[in-house]
Amino acid sequence: MKLKKGIPVIDQGDKLGFWGGKFGGNFVPETLKKPIEDLEILFNKLRKDKNFINERDRYFKNWVGSPTRFIKLENLTKHVGGAQIWSKVVSDANGGAHKIYNATVHCLLAKRSGKKVICGDTGAGYAGKMLSMAAKKFGLKCKIFMGAKDIQRQQPNVRAMKKNGAEVIPVYSGSQTLVDAVSECMRYWVANCDKVAMCVGSTVGPAIFVRICGWSTSQISRELKTQLIDEFGSIPKKLKLYNCVGGGSSSFGFWNEFMDYDKKQCEFIGVEAGGPANSKKHAAPLTYGSKIGILHGAAQYVNQNTDGQIEETESISAGLDYPGISPLHCFLKDTKRARYTAASDEEALNAYKVVTKFEKLRPSLEPSHAFSVAIAESKRLSKDTIVVVNSCGDAYKDRGIIERRLGKKYV
Amino acid sequence: MFNPISLAFKKAASENRPALLTYTVAGDSSKKQSLEILKSISKKVDILEIGFPHNTPVADGSQIQTSSYRAIKNGIKINDIFKIIKDFKKFDKNKPVILMGYYNMIFQYGENKFLRKCKISGVNGLIVVDLPWPENKKFASKCKKRSIFFIQLLSPTTTKNRLKKIIKDSHEMIYFISMLSTTGGKLKVSSKEILYNYDKIKKINSKKNIVIGFGITEKTIKSLKKADGLVVGSAICKEITNSIKKRQNPVTNVYNVVNRLRNKIK
Ligand SMILES: Cc1ncc(COP(=O)(O)O)c(C=O)c1O
């Protein structure tokens, strides 16, 4: 299995949509073959259309807010006493997380296809919130599927979705989290694909959704590349990019522009959710060696039992609480371009404590996982190593959990 | 080699009626009871579809989901499913059985091992909901080699060009999904429209046995009588759920539903 240079990773799949010959694909009911093909044709055409690119860039700049900041965490760097720790503050983006890029692009595509309604899944509530914002902006009706457990633990984002006029549909099946929300959303699309567009909230699902999402979030690394050159004059000789990985959209977008650099110069570290320290359950299929299987239309490493039933996950972070992982990351793992590890609930909470103590930055529980590993590894790294953590979400949505676990003063 | 599915269609046609196909989930509500249900409805049904339950089913509505979760909760494993089929075949060895489910379970079991097990247990056909054409080409030909029908699915969204190609690669039986829906949806298009689409498929190759499924209940079955076969699934799963709720015997209640369905297409 080989990663090619000079070709975007989203385009390195084969004719049937498999990366590395085995990750991804389209394991979908017959009914979805046509709408998926339509979306493929539309996307392949529009991404080469200058007007469309200009339109996207205009919305990214003026509405999403681009570029998001790239800042040095001086105090944290001093405290850790190793590598220079920087952050790309993607939570600056309108709505407070990277999910806005994919949501915006899907709504632009839906408009072009003449659809009046868009549906989407959400875990942490960010994908749903952003889709509701973009749908409102572009005059589309919006339906969001969300696990009942996540509705309870991510109330601020649920309120935001409703305020934007979206219908939030609770999902009671299975573990009542993201995995069930995606299933229910896909089922809704099966029944309504003639009139409704679907947005999958991460780089997961049938191949076209993986590609569109990766293409959209790559805005993050386009900005970062410019910012690095502005700051250091060139891409640093020792660069390490840390990102949390749920479905894998923020991490993929954070890395994409650096794909062709040698990993000795530019290393990618993906941090999955290890779950509670005292629990066997986790949401880290890459770290813990889960077997390849099919979930939500794509072949990927996924937590499952020997019978092929998808296993329940557990994580403090709703956004990472997913048993599978993007085919793109399976590909990056097996080609050894990226390295994957996990942080536990407790480690993420602790990282949140440390970051907020030293910096004016409030990463949500998802990026707190990435900070945890970045901080631990930075201690042992040289001072000329540039560590960048994608702070891809804001902790406002997690205030309830943080108050319960760490006390009021941390909120 | 000869496949009893073909005979079932011939027999129904000779009686001037569509074949009746039922769908039940293996292990719903228990291993023992699901076998009893199969045995009791067997004489009223031409082909038995048996679902292997999956916990992230992207094409099933709430009725079949409920049945699937119930079966999984009660501990059903793939090997139990093969056992149920084997036991059923001891009881009625000529009744065709089609296994239906999601690809991951076959993938984890291993395609070849799965097909060997199918053969030993007496499975005559396979429907894999999320393995569409052309992705299913290789697997379908493996099935064919073992004289197991791989049943291609067609939907109202399938384009004409695609219809032709799929039909060309299909075995003797094809499943036409009546409407845009997960299983168990209310019939939201007229039977006239469904039969219009059905005729379009039939015209491409009249030798294929086309069954219609999704949204078929006691209310709607009669209006689709002219098809080669009709599949009822959710209405039966729902009957099991209701029987459990009312503390009645699912076996008798399901039999009664099937009997009424059969009478409507006499
Ligand atoms: C802030 C934040 N970070 C990360 C994620 C994980 O998703 P992904 O891996 O696709 O970036 C989520 C998902 O909801 C999120 O809200």
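Legend: calculated FRET efficiency, A:K136 to B:S206, from the Cβ-Cβ distance at R0 = 51 Å, rounded to 0.05, equals 0.50. Derived scalar couplings between HN and Hα for region A:13-24 equal x, 7, 4, 8, x, 9, 8, x, x, 8, 9, x Hz in order, rounded to whole Hz, by the Karplus curve 6.51 cos²θ - 1.76 cosθ + 1.60 (θ = phi - 60°), x for Gly and Pro. Taking a ≥ b ≥ c as the square roots of the eigenvalues of the alpha-carbon gyration tensor, region A:223-374 is classed oblate because a/c is 1.5 or more while a/b is no larger than b/c.
A simple spin-label model places the labels of A:I53 and B:N249 7.2 nm from each other, with each point 7 Å out along Cα-to-Cβ.
Couplings for region A:372-386, taken from phi via the Karplus curve 6.51 cos²θ - 1.76 cosθ + 1.60 with θ = phi - 60°, read 4, 6, 4, 5, 4, 7, 4, 3, 9, 9, 6, 5, 8, 8, 9 Hz in order; Gly and Pro are left as x.
Reported to the nearest whole Å, the Cα centre-to-centre distance from region A:36-79 to region A:221-264 is 14. When only alpha carbons of region B:136-254 are considered, Rg and Dmax amount to 16.2, 50 Å.
Restricting to region A:194-320, compute how many DSSP beta bridges are antiparallel as a %, nearest 5.
Values: 6 of 12 bridges.
Close to 50 percent.
Label positions at B:F2 and B:K137, each projected 7 Å from the Cα along the C-beta direction, are separated by 3.3 nm.
So what's the back-of-envelope 222 nm ellipticity for the protein assembly as shown, counting only DSSP H runs of four-plus at -39500 (n - 2.57) apiece and dividing by all residues, rounded to 500?
Working: 26 runs with 290 residues, N = 677.
Helix contribution divided over all residues of the protein assembly as shown: -13000 deg cm²/dmol.
Each other residue within a Cβ distance under 14 Å of B:A8 adds +1 if Lys or Arg and -1 if Asp or Glu, for a net charge of +2. Per-residue Karplus couplings for region A:59-73, computed as 6.51 cos²θ - 1.76 cosθ + 1.60 with θ equal to phi - 60°, are listed in order as 5, 4, 6, 8, 9, 6, x, 10, x, 6, 5, 10, 10, 8, 8 Hz, Gly and Pro entered as x.
Each residue of the protein assembly as shown gets 149 Å³ once the volume of the Cα convex hull is shared out per residue.
The accessible-area loss of region B:49-63 on complex formation, taken against its chain alone with a 1.4 Å probe, reaches 30 Å² or more at B:N55, B:T56, B:V58.
For the pair A and B, the buried accessible area comes to roughly 2900 Å² in total, with a 1.4 Å probe and the value rounded to the nearest 100.
Solvent-accessible area of chain B (1.4 angstrom probe, protein heavy atoms only): carbon and sulfur portion equals 52 percent.
Looking at the protein assembly as shown, what % of its DSSP beta bridges pair antiparallel, to the nearest 5?
20 percent
Can you pull the Rg over Rh of region A:155-249, Cα-only, Kirkwood? List each step's numbers first, then the result.
Numbers: Rg = 18.0 Å, Rh = 16.4 Å.
In region A:155-249, Rg relative to Rh is 1.10.
Taking every alpha-carbon pair in region A:32-163 and binning the separations at 10 Å intervals from zero gives 12, 33, 31, 18, 6, 1 percent.
Per residue, the solvent-accessible area of region A:106-194 (1.4 Å probe, heavy atoms of protein chains only, all protein chains present) comes to 34 Å².
Rounded to the nearest whole Å³, what is the per residue volume of the convex hull around the Cα atoms of region A:292-390?
Details: hull volume 12.6 nm³, N = 99.
Looking at region A:292-390, the number lands at 127 Å³ per residue.
According to the calculation over all Cα-Cα pairs in chain B, the P(r) per 5 Å bin from zero is 1, 6, 14, 19, 21, 19, 12, 6, 1, 0, 0 %.
Calculate, for region A:340-411, the solvent-accessible area per residue in square angstrom, rolling a 1.4 angstrom probe over the heavy atoms of the protein chains. Don't jump to the answer; show the numbers that get you there.
Details: 3070 Å² over 72 residues.
About 43 Å² of surface per residue is accessible.
The values are calculated or read from the model by the stated rules, or taken from the named source; none is laboratory data. Everything quoted here is computed from the prediction, not taken from an experiment. No Cβ is skipped: glycine too gets one built from the backbone with ideal geometry, and neighbour counts run over all protein chains shown. Surface areas here come from the heavy atoms of the whole protein model, side chains and all, with no ligands, DNA or RNA. Shrake-Rupley method; radii C 1.70, N 1.55, O 1.52, S 1.80 Å.
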